[in-house]
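Participant: I have a structure here, written as structure tokens, and I will follow up with some questions on it.
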There are 2 protein chains.
Amino acid sequence: MYKTLSGKEPSAGVLESSKRIVANMKRKPHLVIVLVGSDPASEVYVRKKIEKAQAVGIRASLEKLENEANESDVLKLVEKLNKDKDVDGFIVQSPLPPQIDQMKVTEAIDPKKDVDGWTSTNIGRMILGMSETFLPATPIGIMKMLEYYGVEIAGKNVVVVGRGNVVGKPLSYLMLAKDATVTICHSRTKNLKQHTQNADILIAAAGRARLITAEHVKEGAYVIDVGTSKLGDKIVGDVDFENVIKKAHCSPVPGGVGPMTVSMLISNVIEAAIRKGENR
Amino acid sequence: MYKTLSGKEPSAGVLESSKRIVANMKRKPHLVIVLVGSDPASEVYVRKKIEKAQAVGIRASLEKLENEANESDVLKLVEKLNKDKDVDGFIVQSPLPPQIDQMKVTEAIDPKKDVDGWTSTNIGRMILGMSETFLPATPIGIMKMLEYYGVEIAGKNVVVVGRGNVVGKPLSYLMLAKDATVTICHSRTKNLKQHTQNADILIAAAGRARLITAEHVKEGAYVIDVGTSKLGDKIVGDVDFENVIKKAHCSPVPGGVGPMTVSMLISNVIEAAIRKGENR
């Protein structure tokens with residue numbers, strides 16, 4: 001039988017070690033989350049992040065802006081948080097309302113406080129293998145999860161389905177840095193199956209409900225599902241879990257990558273606080 | 001018979017259009033090349049860059065430092081060039097002598113003048129698809145060359161052999177942005193052939209003499225050779241050209257990618273000057 005790659009245990013492990021680190025810090029790290037509008041899913045994510053951050057001893061606070069906020073309101077708040085010496089790291093929860101340019105907001109964040117690791121500066125530093133960066137939470141969460149389950153990466157064929165800035169692109173580079181042979185597929189890929197059937201590790205990050213079926217998957221592969229779509233009133237991933245699990249190890253949705261993302265964000269906040277301390 | 005993908009004609013085309021643009025500029029763009037030490041190959045490359053830049057009407061000058069120069073000498077010069085308002089763009093010719101940290105020097109360059117496109121800021125901007133960046137000369141030169149030969153990229157299988165910061169990594173992203181399905185192979189890849197045989201477009205950028213033989217290549221593929229190694233007193237590429245050309249379209253070494261690199265560098269210098277003008 002194949003393993004269900006739950007994110008709960010590895011995530012709990014990361015949070016435990018974060019808790020121990022924070023317990024030894026005189027000044028507790030401070031995370032701020034900016035939430036614009038009242039998207040119900042975003043409110044759930046934000047609440048989870050704040051709860052888990054507080055559970056490890058981090059100060060976590062919320063800055064809310066109305067749905068009608070304009071870009072300059074958000075940019076002003078970003079500027080304020082950049083300057084605030086008591087803020088170690090902050091994130092602007094996505095998606096933003098349509099009147100606001102997501103990239104412009106991201107680029108305004110001080111890379112030293114960019115704990116999502118989404119600014120061009122931090123992405124560039126990651127690509128070049130520099131240490132002074134924050135690795136984006138979901139990709140590094142996937143790497144930690146595979147490490148937890150003892151999955152070897154060097155020399156393996158890794159296929160990433162999806163080429164977004166948040167998961168597909170950065171994850172491809174983290175896999176490459178661990179000596180995987182990496183293939184990046186996407187909506188314009190012809191004959192997706194031909195590529196995915198060759199994967200020792202398959203990452204589904206396309207955001208298309210149940211795109212990956214059993215016939216896409218090699219027997220005994222490791223399949224990580226990063227998708228979350230609504231199908232009726234059910235949350236489903238990019239992978240047809242029920243059938244794929246009969247053939248390969250697979251992470252569930254929910255309860256797979258999600259918890260890892262939150263834990264890695266918290267690790268980044270602690271790292272930001274430690275670096276700030278070093279620079280004093 | 002298969003095409004020899006010479007870089008001379010497409011490179012001449014790029015230079016021609018650069019020349020026309022510069023002819024219409026009141027203030028001629030100014031490129032500075034920093035050369036540390038007296039590596040003979042570097043001296044040849046630098047001379048070529050200066051000659052071609054001058055031929056299109058750009059001012060190009062050389063700043064030479066002794067082989068014994070230390071890191072702070074180089075960093076001081078970089079700082080001076082960053083501040084010099086008459087310098088539109090500059091590059092530090094690699095390789096640098098061993099006592100100097102290449103990455104530290106690159107990161108010191110003002111991204112607005114980084115016409116090699118090697119700073120983390122410009123790499124990150126490229127990855128995120130932002131316009132305010134300089135695309136690294138060799139990768140964008142390869143894209144232009146394929147365009148010149150009418151090679152379709154969208155939906156094709158592109159295999160890049162080599163994962164360096166100068167070619168492999170940035171080129172993978174440019175290919176992805178053009179809707180290719182991209183596989184990145186390297187020294188730790190198992191069964192290289194299995195991947196390369198599947199390539200519609202194969203990029204050899206591993207720096208290993210004649211690594212790619214006819215049996216690595218699919219009939220009718222496009223093969224671009226980015227390698228230059230010394231074999232005896234001959235300069236050879238990563239591709240066994242004589243045999244591969246019987247089976248696939250292939251770029252030669254020398255006379256393939258090399259001339260494209262110089263032309264694209266010059267395009268970047270002109271672009272830097274135009275952007276500076278706009279910002280006045």
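Where a number appears in this text, it was derived from the coordinates with a stated rule and is not lab data. Here the structure is a predicted model, which means the values were calculated and not measured. Note that each Cβ is placed from the backbone with ideal geometry, even for glycine, and that neighbours are counted across all protein chains shown.
Participant: Given contacts defined as C-alpha pairs under 8 Å and at least six residues apart, what's the relative contact order of chain A, whole-number percent?
Facilitator: Averaging sequence separation for qualifying contacts and normalising by length gives 22 percent for chain A.
Participant: Which whole number gives the average count of other chain Cβ atoms within 10 Å of the Cβ atoms across peptide B:173-185?
Facilitator: 5
Participant: Within segment A:173-217, find all residues whose amide N lies under 11 Å from a label point positioned 7 Å from the Cα of B:R188 along Cα-to-beta-carbon.
Facilitator: Inside the label zone: A:174-182.
Participant: Over 23 Å between Cα atoms: which of A:K169/A:K193; A:K112/B:K80; B:K190/B:K218 fall into that group?
Facilitator: Those over the limit are A:K112/B:K80.
Participant: State log₁₀ I(q)/I(0) for the protein assembly as shown at q = 0.10, 0.13 Å⁻¹ as given by the Debye formula over alpha-carbon point scatterers of equal weight, solvent excluded.
Facilitator: Evaluating at q = 0.10, 0.13 Å⁻¹ gives log10 I(q)/I(0) of -0.91, -1.38.
Participant: Can I ask one more? Work out the charge dipole of segment A:1-130 with +1 on the Cβ of Lys and Arg and -1 on the Cβ of Asp and Glu about the Cα centre, then indicate which of A:N70, A:A55, A:I109 is farthest towards its positive end.
Facilitator: So the residue we want is A:A55.
Participant: Also: So for the pair B:K28, A:K19, with labels modelled 7 Å out along Cα→Cβ, what separation do we get in nm?
Facilitator: Rounded to a tenth, the inter-label distance reads 7.0 nm.
Participant: Once you charge only the Cβ atoms, +1 for Lys and Arg and -1 for Asp and Glu, what is the size of the charge dipole of segment A:137-257 about its Cα centre, to the nearest 20 debye?
Facilitator: Dipole about the Cα centre, nearest 20: 380 debye.
Participant: Using the Kirkwood radius built from alpha carbon pairs, what does the Stokes-Einstein equation give as D for chain B at 37 °C and 0.692 mPa s, in µm² per second?
Facilitator: The Stokes-Einstein estimate is 169 µm²/s.
Participant: Considering every residue in B:117-123, what mean count of other chain Cβ atoms within 10 Å of its Cβ is obtained?
Facilitator: 5
Participant: A further question on this structure: What is the angle, in °, between the Cα long axis of helix B:137-148 and the longest principal axis of the Cα atoms in chain B? Nearest 10 is fine, range 0 to 90.
Facilitator: Once rounded, the angle reads 50 degrees.
Participant: Put the label 7 Å from Cα along Cα→Cβ for A:K83; what are its distances to the other copies, in nanometres, shortest first?
Facilitator: So the label point of A:K83 gives 2.7 nm to the other copies.
Participant: Would you order B:K156, B:K3, A:K218 from fewest to most other beta-carbon atoms within 10 Å of each residue's own beta-carbon?
Facilitator: B:K3, A:K218, B:K156
Participant: Would you check segment B:1-73 for Lys pairs whose C-alpha atoms are within less than 15 Å, ignoring same-chain pairs closer than 8 in sequence, and give me the count?
Facilitator: Close lysine pairs found across segment B:1-73: 8.
Participant: Can you give the FRET efficiency for A:A55 and A:N243, using 1/(1 + (r/R0)^6), R0 = 35 Å, r = Cβ-Cβ distance, to the nearest 0.05?
Facilitator: For R0 = 35 Å, the calculated efficiency reads 0.45.
Participant: Continuing with this model, one more query. Using helices alone, what [θ] at 222 nm do you get for the protein assembly as shown, with -39,500 (n - 2.57) per DSSP H run of 4 or more residues, divided over all residues and rounded to the nearest 500?
Facilitator: So the helix-based figure for the protein assembly as shown works out to -12500 deg cm²/dmol.
Participant: For the rotation taking A to B, I'd like to know which residue in chain A has the C-beta closest to the axis, plus that distance in Å.
Facilitator: A:G124, 1
Participant: With label points built 7 Å along Cα→Cβ from the Cα atoms of B:T213 and A:D86, find their separation and express it in nm.
Facilitator: 6.9
Participant: I'd like the orientation of helix B:168-177 relative to chain B: the angle between its Cα long axis and the longest Cα principal axis, in ° from 0 to 90, rounded to 10.
Facilitator: That works out to roughly 80 degrees.
Participant: How many nm separate the modelled label positions at B:D110 and B:E132, each set 7 Å beyond the Cα in the direction of the Cβ?
Facilitator: With each label point 7 Å from Cα toward Cβ, the separation is 1.4 nm.
Participant: Would you be so kind as to identify which of A:P170, A:I245, A:A12 lies farthest towards the positive end of the dipole of chain A, taking Lys and Arg as +1 and Asp and Glu as -1 on Cβ and the Cα centre as origin?
Facilitator: The Cα lying farthest towards the positive end belongs to A:A12.
Participant: Another question about this same structure. Give, rounded to the nearest 20 debye, the magnitude of the charge dipole that segment A:19-78 has about its Cα centre when Lys and Arg contribute +1 at Cβ and Asp and Glu contribute -1 at Cβ.
Facilitator: Roughly 840 debye, rounded to the nearest 20.
Participant: Moving on to the next point. Can you return the aspartates and glutamates within cross-link range of A:K144? Criterion is Cα-Cα under 18 Å, with same-chain partners fewer than 8 residues away left out.
Facilitator: Answer for A:K144, where 18 Å is the Cα cut-off: A:E9, A:E16, A:D116, A:E152, A:D179, A:D200, A:D225, A:E271, listed by chain and number.
Participant: For helix A:8-23, what angle does its Cα long axis make with the longest principal axis of chain A, in degrees from 0 to 90 and rounded to 10?
Facilitator: It is inclined by approximately 30 degrees.
Participant: Turning to a different aspect of this structure: Can you give me the long-range amide H partners of A:V223? Hydrogens built in the peptide plane at 1.01 Å from N, cutoff under 5 Å, separation of 5 or more residues or another chain.
Facilitator: A:L202, A:H249, A:C250, A:S251
Participant: Another question, then. Net charge around A:V78, counting only other residues with Cβ within less than 14 Å of its Cβ (Lys, Arg = +1; Asp, Glu = -1)?
Facilitator: Its environment carries a net charge of -4.
Participant: May I ask you to derive the FRET efficiency for B:E68 and A:N70 from their Cβ-Cβ distance with R0 = 60 Å, giving the value to the nearest 0.05?
Facilitator: 0.60
Participant: Let's test the formula: R0 of 30 Å, r as the Cβ-Cβ distance of B:V151 and B:I274. What FRET efficiency results, to the nearest 0.05?
Facilitator: For B:V151 and B:I274, the calculated efficiency is 0.60.
Participant: With the Cα gyration tensor of segment A:137-257 giving a ≥ b ≥ c as the square roots of its eigenvalues, does the rule (a/c under 1.5 for rounded; else a/b larger than b/c for prolate; else oblate) give rounded, prolate or oblate?
Facilitator: In terms of gyration-tensor shape, rounded.
Participant: Taking loop as defined by DSSP and a crowding limit of 15 other beta carbons within 10 Å, which GluC sites (Glu not before Pro) in segment A:107-171 fit?
Facilitator: The qualifying sites are A:E132, A:E152.
Participant: Now for a separate question. Using packing as a proxy for protection, rank A:170-183, A:58-71 so that the peptide with the highest average count of other Cβ atoms within 10 Å comes first.
Facilitator: A:170-183, A:58-71
Participant: What average number of partner chain Cβ atoms lie no more than 10 Å from the Cβ of the residues making up B:63-72?
Facilitator: Mean partner-chain Cβ count within 10 Å for B:63-72: 0.
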